[in-house]
Each structure stands twice: as structure tokens, then as C-alpha cells.
Amino acid sequence: RRAIEYTLYDKELRKARKELDEIEKKRTKETDELSSLHEMARLTHDEIRSVEARMKAKTNAKRRNHLLITNLEHDKTKAMKLRTQLDLECKELMESIKMGTEIRQANQRELDQLSKRIAKAQDTFDKTVQPQYDSAVQKARVLTHERDEAQRKMEGLYAKQGRGRQFDTKEDRDVYLENSIKEIQTVMAGKTSQLDDAKAQLAHSNKLLVTQEKDIRKLEGQSGSATETMSKLSSEIDTKKRNRASLAEARTTEWRQAEMLLEKVKEARDNVNRAESDMRKSMPRATSLGLNALEKIVSQEGLVRGEQYFGTVLRNFELVDPKYQQAVEIAAQNSLFHVIVDNDATAARLMKRLEDEKLGRITFLPINRLRVENVNYPDSNDVKPLMRQCIRFDARVARAMTHVF
């Protein structure tokens, strides 16, 4: 009976083991398929994120190019207006030059005609009129001289005849002559006085003329100085205008560069936000919730960043080279999301707030409680200490970094 029971139980056991093996094979197969699906989903998600990032970058580049094209179109319109204005000014100047040339040529022709007429008239004058004029002048001089001589002779005869008839005695004649001499002397004295006055007026006029000449020379000097000053000021104004135009162009260029930088900063900020979102999806939900709430709690508690609160391990170091990223991630693992604080009291305050408000769970690294030992690494070209070779960090968190890595 026991043998039969053993046989039955053994048969059932083998059957159960067989079924269990089949179930295990199915589970293993489904697990492999599920892992494959998870891997495919992860790759698809990564590809989607990569495509989204590229699309975002293309969109930002398109927006930047559109902005650049708009600015270039504005500059083109401005340049076309300036070119049109300069063309009009150039055309007006060319017309003015042409008109001035025509006027100068007409004036030159008229001047040539007048010069010919003047030369012809001068030649006629020199050959005909001048000799006749000189002859007439000479005759007039001779006739005038002869007339004056005859007049003097006639007056002398009349005077002799009159004096002989006018005075009865010699004494009467002498008295008359003395009176005439006195009258002549009186007239001469008056004339002399008038001459002196005229000389004084002439001297005053000469002095005034000298003064006016000095004033004229002074004004001419001032005019020359003013002209030179105006020329210098005009040159400075032109220089200032050129500098202003250059600075305006530089300012426009700087504005464009600033707009481009703002676009790049916005793009970089979007990339950071996207990377942080992906990073939070890769960590436990409680840790993600805690990190999201921790920044607000730190501000509410009045903790000093950089002295009491330092943030996650991930935010407290920089990679020396991107090629070390995988090595650092493997070495740190989940410790990348641990939060560094100055002491256990600060950690207790933050943990209490998180627990009371049910905002998640975070692992804290209080620097005053971390015990680290100096490790003597082998001196080899094949092995390099990760902390010296791969990352850079602030000396204030050196103990936490040594604890993690």
C-alpha cells in the first residue's frame, strides 16, 4: 500500500515538477519578452526624447533665423532708403556741377568776347584817340599859358593906369598900399589858421585811419581764427557723426547677439528642465517628490545655501570630461540623489518637515557625521582615483564626496 502511495505521490510530484518547469520556462520567456519590451520602450522613449530635443533645437534655430532675417530685412530697407537718398543727393550734385560748368563756360565765352572788344577798343584808342587827345591837351596848355600871360599883362596895364588916376599924391598911394598889405596879411593869417586846422584834421584822420587799419587786421585775424575754428569744429562734427554711426551699428550688432544669447539660454534652460524631468522619472517616486518639495522647505526654514544646505550630490560636482559620466554613475549609483547638509540638526529639521507633510523620503549626508578614511591608491598608469581624475568639486563638500566615491 505504501509503495502504491509512494508511486502515486512520486508520479504527482514529477507531474507537478514538470508543470512547474513549464511554468518557469513560460515565466522566464515572458520575463525576457517583458525585459525586451521594456528595453524597446526605453529605447523608443529615448529616441522620442532625442527627436523632441532635435525638433526643439530646430524650432529654436528656425526662430533665431527668422529673427535674424527680420533684422537683416530691416537693415536692407534702411540701407535701401539711405542708398535712394544718396542717389538723389548725388544726382542733384551732378546736376549742380553740370549747371555750374555750363554757366562757367557761358561766362568764359562772354569774357572772351568782352576781352576781344576791350582789346579792339584799346587798340583803336591807342592808335587814334590817344594821339588826338594828347595833341588837344598840348594845344590847350599852350593856349591857356598864352591866355594867362595876356591876362597878367592886361591887369598890369590896368593897374598902372588905375594907380596913376586913383592917387593924387605919393602919400595917398603909400597909405593905400599899407592898407592893402594889412588886408592881405589878415587874409593870409586866416588862410594859415585854416591850413593849421586842415593839418590837424588830416593828422586826426591819419591816426583814425591807422586805428581802423589795426582793427581791420585784428578782425581779419579773428575771422581767420574763427574760420579755422569752424573748420576744426566741422571736422570734429563729422568725426562724431561717423563715431555715432559706428556705435549705432555696434549697438545693433550687440542687440542681435544679446537676442541670440537669450534664445540660446532659453534653449539651454528647456534642455535642463527636460533632463531634470527625465532624471526624476529614473529615480524612486518618494525621492522625486522629496526633491521637488525640498527647495521650498529650505527657503521656508531660512537655511543658508552653500553653508547649511548644499543640494544633491549630483549638483555638487562637475565632470572633467563627459567620457567619465558612466564611470561616475556606476560608482555613485543612487547616492547621486542624496542631499548634503552641514550637520545632523539641519538634516533632522528637513526630515521632520518631509515626514509631517508627507512630501516624500530623502537620504541626507550631514557632513559633521561622516567618517571617511584616507585611502592610499596604487601608483599605476592603469588605475586612476576617480575623485582626482574624473570630477571637480568644492572643498566644503569634500568629505561628502569622499564618502560617496
> What about Ile362, is it touching a Gly at 6+ places or on another chain (Cβ under 9 Å) and among the hydrophobic types (A, V, I, L, M, F, W, C)?
Replying inline: yes
>> For the stretch 330-370: of the residues being charged (D, E, K, R) and under 17 Å from His403 (Cβ atoms), which is surrounded by the most Cβ atoms within 10 Å (Cβ to Cβ)?
In response: Asp342
> Looking at (1) part of a helix (DSSP H, G or I); (2) under 22 Å from Pro284 (Cα atoms); (3) of a type outside the set (A, V, I, L, M, F, W, C), which is the one condition that is false for Arg361?
Replying inline: (1)
>> Given the criterion touching a residue at least 60 places away in the same chain (Cβ under 8 Å) and not small (Gly, Ala, Ser), identify the matching residue among Glu318, Glu301, Glu329, Glu295.
In response: Glu318
> Taking into account only those residues within the stretch 314-329 that are more than 19 Å from Lys281 (Cβ to Cβ) and surrounded by 12 or more Cβ atoms within 10 Å (Cβ to Cβ), which is farthest from the chain's Cα centre (by Cα)?
Replying inline: Ala327
> Which one of these is under 21 Å from Asp46 (Cβ atoms) and buried (at least 16 other Cβ atoms within 10 Å of the Cβ): Ser288, Ser277?
Replying inline: Ser288
>> What's the total number of residues in the stretch 45-78 that are in contact (Cβ under 8 Å) with a residue 40 or more places away in the chain, within 23 Å of Met279 (Cα to Cα) and of a type in the set (Lys, Arg)?
In response: 2
>> With the structure loaded, tell me whether Ser335 is in a helix (DSSP H, G or I), in contact with a helix residue (DSSP H, G or I) (Cβ under 9 Å, 6 or more places away or on another chain) and either of a type in the set (Val, Ile, Thr) or closer than 17 Å to Leu370 by Cβ (or both) or whether it fails that test.
In response: yes
> Any idea which of (1) among the aliphatic types (A, V, I, L, M); (2) modelled with pLDDT of 80 or more; (3) over 18 Å from the mean Cα position of the chain (by Cα); (4) farther than 23 Å from Thr59 by Cα is the one Leu247 doesn't satisfy?
Replying inline: (3)
> Checking Thr346 against (1) more than 18 Å from Ala286 (Cα to Cα); (2) in a strand (DSSP E or B); (3) among the β-branched types (Val, Ile, Thr), which test does it fail?
Replying inline: (2)
> Is the stretch 382-397 home to any residue that is surrounded by 12 or more Cβ atoms within 10 Å (Cβ to Cβ), under 20 Å from Gln308 (Cα atoms) and not charged (D, E, K, R)?
Replying inline: yes
>> Please verify whether Leu261 is at pLDDT below 75, surrounded by 10 or more Cβ atoms within 10 Å (Cβ to Cβ) and either of a type in the set (A, V, I, L, M, F, W, C) or in a helix (DSSP H, G or I) (or both), treating the condition exactly as stated.
In response: no
>> Take Asn65 and tell me if it is assigned to a helix (DSSP H, G or I), touching a Lys or Arg at 6+ places or on another chain (Cβ under 9 Å) and not aliphatic (A, V, I, L, M).
In response: no
>> Suppose we filter Leu8, Leu67, Leu43, Leu20 for residues that are closer than 30 Å to Gln257 by Cα and hydrophobic (A, V, I, L, M, F, W, C); which single one remains?
In response: Leu67
> Does any residue of the stretch 374-394 turn out to be closer than 25 Å to Arg280 by Cβ and among the small types (Gly, Ala, Ser)?
Replying inline: no
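The values are calculated or read from the model by the stated rules, or taken from the named source; none is laboratory data. Owing to the predicted nature of the structure, the values given are computational and were not obtained by experimental measurement. Methodologically, a virtual Cβ is constructed for each residue, glycine included, from the backbone with ideal geometry; neighbour enumeration extends over all protein chains shown.
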